[in-house]
Amino acid sequence: MIAKLILKRLLVSVFILLAVSVVVFAATLLLPGDPARAILGQQATEERIAALQAELNLDRSPVERYFLWLGGLFVGNFGTSSATGGPVTDLLGERITASLVLMLCAALIAVPVGLAIGIFSALHRGKRADQAVTWGTLTLAALPEFVIGIALVTLFATSVFRILPAVTMSPPGQQVWEIPTQLILPTLTLALVVIPYIIRMMRATMAEVMDSGFVEMARLKGVPERRVILRHAVPHAIGPVAQVVAIQLAWLAGGVVVVEYLFRYPGIGQALIDAVTYRDVQVVQAISIIIAAVYVVVNLLADIVGILANPKLRSAS
Amino acid sequence: MSTSDLKPSADAGPPPSGTTDAEPKESATRPAHLLKRVWAQGQGKVGIVLTVFIVALALAGPLLAPVLTGYSPTEFAGRPFQPEGIFGTDNLGRSVASRFLAGGLLLLLYSVLATVLGLVVGCVVGMIAGYAGGKTDSVLMRLNDIVLAFPQLVLALLAIVVLGPEGWVLVTVIGLTHAPRIARVARAATLGVVNEDYVRAAQMYAVPRSRILAREIFPNITGPLSVEAGLRLTYSIGAIASLSFLGLGMQPPTADWGLMINENRIALSIQPWGVLLPVIAIAVLTVGTNLLADAIARATASTTVESS
């Protein structure tokens, strides 16, 4: 039963990814102008344009081009950048790692801290600390990521304290994480953006679980409160919260865009902004599909965790 | 149709101002006006004050800018990044104060339009999916999932690269990316009322579908939709300001808060006002609308409990 549910969910994800690729590909068809002409510039001769058009398969029908493009994605061929003239893969390779490092750091901070504050808040429901958390999460959740980022830069890099770098330095040949201090502000910004949602969900779920019959039963049996919380309540709250956590982590894939631009962090987000500014369509397509794929896969994992954590489904099989 | 009179309706009742005289606070038959219930909460009060303050600033700002500062938003006031005038000059030597005053109107206008577009499309799709059920429902919801597979900003960037950073592109793409999220809420709310007796009665009298949706179902799902409106307005402001901040939303020489941050952030340490004023304004506005949305959520939740 569980396997069937997971398989069904998997098929839905594959279908969505295919549909996403159609949407992303359709973007090129809507684009006015000729990509070959854009790559070669004003002074290109007609023969060179014709040659490049043949090389980029522009002389085929849209349907054929879609399948050639889609096939290319599977073997790591993301097309040609019109800004550099080289393959998109060269442009993105290191940047993907850099972005993943940033997302991972943010997740490693946001998830445990968010869960801890959520549990704390639920256990002190209605008290002053809980109200402070509620106001704090409402405020943080409203702020766009660049507002949080600029506030942190003003506080820690330019105006109040000058202890952290405001932008990322990446000399060629050196990885960004070799200077760890420059990861602090971008990581903190991303973490602060996703934390309020994790806190609110954890608080709501935990509050509900603490009111339930089995927690009361455990208390009546004389189980120590600490054990009631850690052994009886928390495991039941994790399932629903895992989904929200995963949605937030998936959000990070899109959220890195603004944060990377703000801190000049050399990841795919900044590459995306550059590509949009120069109207480098193949790069925009490649990055959109990568980000959408991360988004869909993380959501899929979340649902699988949700299915596995659901005790009703577990006992049925 | 008479049944809809029993339910609280968003546009019934007197406006909140001038009704401070002694009135029964809440009665079982007719709950207090929504705005009054929002105002009764701490969050709601703060949210309304913050939102009204920034909206007033954004609306009156463009008119006041030349009067108060002596410079129009695009006029040169001095050398770049100098502390002259009230808040100094920006990257091209224009008055920061003037550009700040003039910079909120378009952001606000675009955000509201995007939210309205998202609400209309999302609401129609969600209500049809919830009411029709079956195949229509699954097709619409799968289409929803496809849009939901893109982070909002990425889809916006994809649209901007193809169509260019025009105003209508921003409004349309932000509105349409809200739509599936709103549609989910509208669908869930529709499913909650679709089996009520008054809907059944209307079906029995062969009232046309569109009329049932508009007259029977819509008035009864305004609660969750008004919460969505507040929430989506918050996100619209954030998304449009973010795009301008990235240099891909409003284009120079427009005076706009997001764009100002982009233009002036290289001088954050020597002339911070060009960045801090718009950042603070956007922060206050989004926090205000979010607190408001939260207060509306509590207010509508409490009436559904009372009236059921």
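What follows draws every value from the coordinates through simple rules; no lab data is involved. Since we're looking at a predicted model, the values are computed, not measured. All Cβ positions, even for glycine, are placed from backbone atoms using ideal geometry, and neighbour counts span all protein chains on display.
Remark: the Cα gyration tensor places region A:146-202 in the oblate category, a/c being 1.5 or greater and a/b not exceeding b/c.
Computed over Cα pairs, the Kirkwood radius of region A:36-77 leads via Stokes-Einstein (0.890 mPa s, 25 °C) to a diffusion coefficient of 219 µm² per second. For chain A, the longest principal axis of the C-alpha atoms and the axis of helix A:128-142 are separated by about 10°. Put in line by how crowded their Cβ is, counting other Cβ atoms within 10 Å and starting with the fewest, B:Cys123, A:Cys105 read A:Cys105, B:Cys123. Taking 1.002 mPa s as the viscosity and 20 °C as the temperature, the Stokes-Einstein diffusion coefficient of chain A based on its alpha-carbon Kirkwood radius rounds to 95 µm²/s.
Counting residues in region A:180-317 as N, plug N into 2.2 N^0.38 Å and put the Cα Rg over that result. All intermediate terms of the calculation are to be shown ahead of the outcome.
On the way: Rg = 20.2 Å, N = 138, 2.2 N^0.38 = 14.3 Å.
My calculation over the Cα atoms of region A:180-317 gives 1.41.
Principal-axis analysis of the Cα atoms of chain B puts helix B:105-132 at an angle of about 20° to the longest axis. Compute the helix-to-body angle for A:46-55: its Cα long axis versus the longest principal axis of chain A, expressed 0 to 90° and rounded to tens. Between the helix axis and the principal axis of chain A, the angle is about 40 degrees. The relative contact order of region A:133-204 comes to 42 percent, based on Cα pairs under 8 Å that sit 6 or more residues apart.
Using the number of other C-beta atoms within 10 angstrom as an exposure proxy, rank B:His178, B:His33 with the fewest first.
B:His33, B:His178
Between the listed residues A:Val160, A:Val258, A:Ile287, the Cα displaced farthest toward the positive end of the dipole of chain A, a dipole computed from Cβ unit charges relative to the Cα centre, is found at A:Val160.
In deg cm²/dmol, rounded to 500, what helix-only [θ] at 222 nm does chain A give when every DSSP H run of at least 4 residues adds -39500 (n - 2.57) and the total is split over its residues?
Values: 13 runs with 231 residues, N = 317.
Using -39500 (n - 2.57) per qualifying helix, the result is -24500 deg cm²/dmol.
Could you rank the peptides A:92-99, B:49-56 by their average count of other C-beta atoms within 10 Å per residue, with the highest value first? Write out the running numbers ahead of the final one.
Details: A:92-99: 19.1, B:49-56: 16.9.
Most protected by this proxy first, the peptides run A:92-99, B:49-56.
The charge dipole of chain B, taken about the Cα centre with unit charges on the Cβ atoms of Lys, Arg (+1) and Asp, Glu (-1), comes to about 460 debye, rounded to the nearest 20. Placing one equal scatterer on every Cα of chain B and applying the Debye formula, the log10 ratio I(q)/I(0) at q = 0.06, 0.09, 0.12 Å⁻¹ is -0.26, -0.55, -0.88. If you wrap region A:1-158 in the convex hull of its Cα atoms and look at it from every side, the mean projected area works out to 16.7 nm².
Rg and Dmax of the protein assembly as shown, based on Cα coordinates, read 26.2, 86 Å. Once you keep just the Cα pairs under 8 angstrom separated by 6 or more residues, what percentage relative contact order results for chain B? Computed value for chain B: 25 percent relative contact order.
When only the Cβ of Lys, Arg, Asp and Glu is charged (+1, +1, -1, -1), the dipole of region B:105-254 relative to its Cα centre reaches about 240 debye. Going from the fewest other Cβ atoms within 10 Å to the most, the residues B:Lys36, B:Lys45 appear in the order B:Lys45, B:Lys36.
Using Cα-only point scatterers and the Debye equation, what is log10 of I(q)/I(0) for region B:148-226 at each q in 0.15, 0.26 Å⁻¹, rounded to two decimals? Values returned for q = 0.15, 0.26 Å⁻¹ are -0.66, -1.12. For chymotrypsin sites (Phe, Trp or Tyr not before Pro), no site in region A:235-317 is both called loop by DSSP and has at most 13 other Cβ atoms within 10 Å. Report the one residue of B:Pro83, B:Val96, B:Phe150 whose Cα lies farthest in the direction of the positive end of the charge dipole of region B:67-197 (charges on C-beta: Lys and Arg +1, Asp and Glu -1; origin at the Cα centre). Farthest towards the positive pole: B:Phe150. Taking every residue in A:284-291 and counting other chain Cβ atoms within 10 Å of its Cβ, the average works out to 4.
What does the structure give for A:134-143 when I average, per residue, the other chain Cβ atoms found within 10 Å of the residue Cβ?
On the way: counts 2, 6, 0, 1, 9, 6, 2, 7, 19, 8.
Per-residue shielding by partner chains comes out at 6.
Pair-distance distribution of region A:4-77: all C-alpha pairs, bin width 10 Å, starting at 0; shares per bin in whole percent are 16, 38, 27, 11, 6, 2.
Remark: relative contact order (region B:105-254) = 37 percent; criterion is Cα-Cα distance under 8 angstrom and separation of 6 or more residues.
Mean projection of the Cα convex hull over all viewing directions, computed for region B:105-254: 9.3 nm².
Applying both filters, DSSP loop and at most 15 other Cβ atoms within 10 Å, to the chymotrypsin sites (Phe, Trp or Tyr not before Pro) of region A:139-205 gives A:Phe161.
Inter-part distance, region A:228-252 to region B:47-85, computed on C-alpha centroids, equals 46 Å.
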